[in-house]
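Input: a single structure, listed below in structure tokens.
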């Protein structure tokens, strides 16, 4: 079946503001290193004022994945909500300029475009503080069913479960995709996110999801076990395909009785881990939508992740198609 798009991403449309910080900054502002916290607009303003010099770049977990798909040379589309404001223009321009179709109507009223204040400590860990703003307006009416039906895979971020209307939008997209004979995929996003929606996520994995993405902490949280091996075997019993990342240990892809362990791609120096999982998903899905074997999909994922952690920011600086 032919398709206009390799991957349709649905996510929180967020502009990242990335700055370096030390441990004392995190302590002073009561931040948990390595976590993602949802904050209100007042807290966003306070943190932004206290942060050092930052770089602004369009982000959002799924937006980063779609940028990766485009960098490989894949055809992508994106659904996410921004406002008609400066950051909303930045987000839309950044996606369209790299060739990702983005036609979700912009909100004319309500909260401003979302931003994520990312503090990168010297150990390359990132601590994220997210003001969701206009993202919270995403709902079923924003799902263009023609675009869903035209994409081989619809990929979403688990973070969308934080808003009831966004969750309804995702479920509408999943049902539309399956009705059109297409596949759906989700990333677990964050172990704290898994803690909030564990039972719903497990039901999704069993009943709807074709490709599951998660890191070691997330998959252990999903199945409430202490070891990666136990989590992997639990996932094997419920997931059709699961691609599980393990930082410097590479990744493991499971499908039925198959297990494909793929080492991490070499990286000279880890500068910033922001977006590593997002870009792994990009490489994997790019390979998958081209019919590559699962181990090769994982290798492409690792390649993209290695590029992204070698610099600050969660979108590729070197065209990923040149690295293949």
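I'm checking my understanding of the structure. Among residues of region 105-118 that are assigned to a loop (DSSP other than H, G, I, E, B) and touching a residue at least 40 places away in the same chain (Cβ under 8 Å), which one is nearest to residue 16 (Cα to Cα)? Even if it seems obvious, please write down each step before you answer.
Our first condition is that a residue be assigned to a loop (DSSP other than H, G, I, E, B); within region 105-118, this holds for 105-106, 108-113.
Filter once more, so that each one left must be touching a residue at least 40 places away in the same chain (Cβ under 8 Å): 111-113.
Numbers: 111: 17, 112: 14, 113: 11 Å.
Ranking the candidates gives 113 first.
Among the residues of region 291-301, write down those that are touching a residue at least 12 places away in the same chain (Cβ under 8 Å), out of contact with any helix residue (DSSP H, G or I) (no Cβ under 7 Å at 6 or more places or on another chain) and within 18 Å of residue 322 (Cα to Cα).
Hit for region 291-301 is 299, nothing else.
Looking only at region 144-158, filter to residues that are touching a residue at least 60 places away in the same chain (Cβ under 8 Å) and assigned to a helix (DSSP H, G or I); which one of those is farthest from the chain's Cα centre (by Cα)?
First, the residues of region 144-158 that are touching a residue at least 60 places away in the same chain (Cβ under 8 Å): 144, 147-148, 150-157.
Next cut, assigned to a helix (DSSP H, G or I) only: 147-148.
Values: 147: 19, 148: 18 Å.
Filtering region 144-158 for residues that are touching a residue at least 60 places away in the same chain (Cβ under 8 Å) and assigned to a helix (DSSP H, G or I), the one farthest from the chain's Cα centre (by Cα) comes out as 147.
Restricted to region 24-47, and to residues that are surrounded by fewer than 19 Cβ atoms within 10 Å (Cβ to Cβ) and within 18 Å of residue 312 (Cα to Cα), which residue is farthest from the chain's Cα centre (by Cα)?
It comes out as 33.
Looking only at region 306-321, filter to residues that are in a helix (DSSP H, G or I) and under 13 Å from residue 72 (Cβ atoms); which one of those is nearest to the chain's Cα centre (by Cα)? Lay out the reasoning, then the answer.
Start the filter on region 306-321 by keeping residues that are in a helix (DSSP H, G or I), which leaves 306-308, 320-321.
Subsequent filtering for residues that are under 13 Å from residue 72 (Cβ atoms) retains 307-308, 320-321.
On the way: 307: 16, 308: 13, 320: 17, 321: 20 Å.
Applying the filter and picking the extreme gives 308.
Only one of these is over 16 Å from the mean Cα position of the chain (by Cα), surrounded by fewer than 18 Cβ atoms within 10 Å (Cβ to Cβ) and at pLDDT below 95: 141, 180, 124. Name it.
Working: 141 fails: at pLDDT below 95; 180 fails: at pLDDT below 95.
Selected residue: 124, the only one of 141, 180, 124 that is over 16 Å from the mean Cα position of the chain (by Cα), surrounded by fewer than 18 Cβ atoms within 10 Å (Cβ to Cβ) and at pLDDT below 95.
So, of the residues in region 159-174 that are over 18 Å from residue 77 (Cα atoms) and part of a helix (DSSP H, G or I), which turns out to be nearest to the chain's Cα centre (by Cα)?
From region 159-174, those over 18 Å from residue 77 (Cα atoms) are 159, 161-165, 167-168; that's our starting set.
From what's left, part of a helix (DSSP H, G or I): 159, 161-162, 164-165, 167-168.
On the way: 159: 9, 161: 13, 162: 15, 164: 19, 165: 19, 167: 16, 168: 19 Å.
The qualifying residue nearest to the chain's Cα centre (by Cα) is 159.
Suppose we keep only residues that are surrounded by fewer than 23 Cβ atoms within 10 Å (Cβ to Cβ) and over 21 Å from residue 179 (Cα atoms) within region 199-214. Which one would you say is farthest from the chain's Cα centre (by Cα)?
199
Would you be able to say whether some residue in region 76-83 is surrounded by fewer than 24 Cβ atoms within 10 Å (Cβ to Cβ) and touching a helix residue (DSSP H, G or I) at 6+ places or on another chain (Cβ under 9 Å)?
yes
The values are calculated or read from the model by the stated rules, or taken from the named source; none is laboratory data. What you see is a predicted model; the values in this text were computed from it and never measured. Cβ sites come from the backbone with ideal geometry, for glycine too, and all protein chains shown count toward neighbours.
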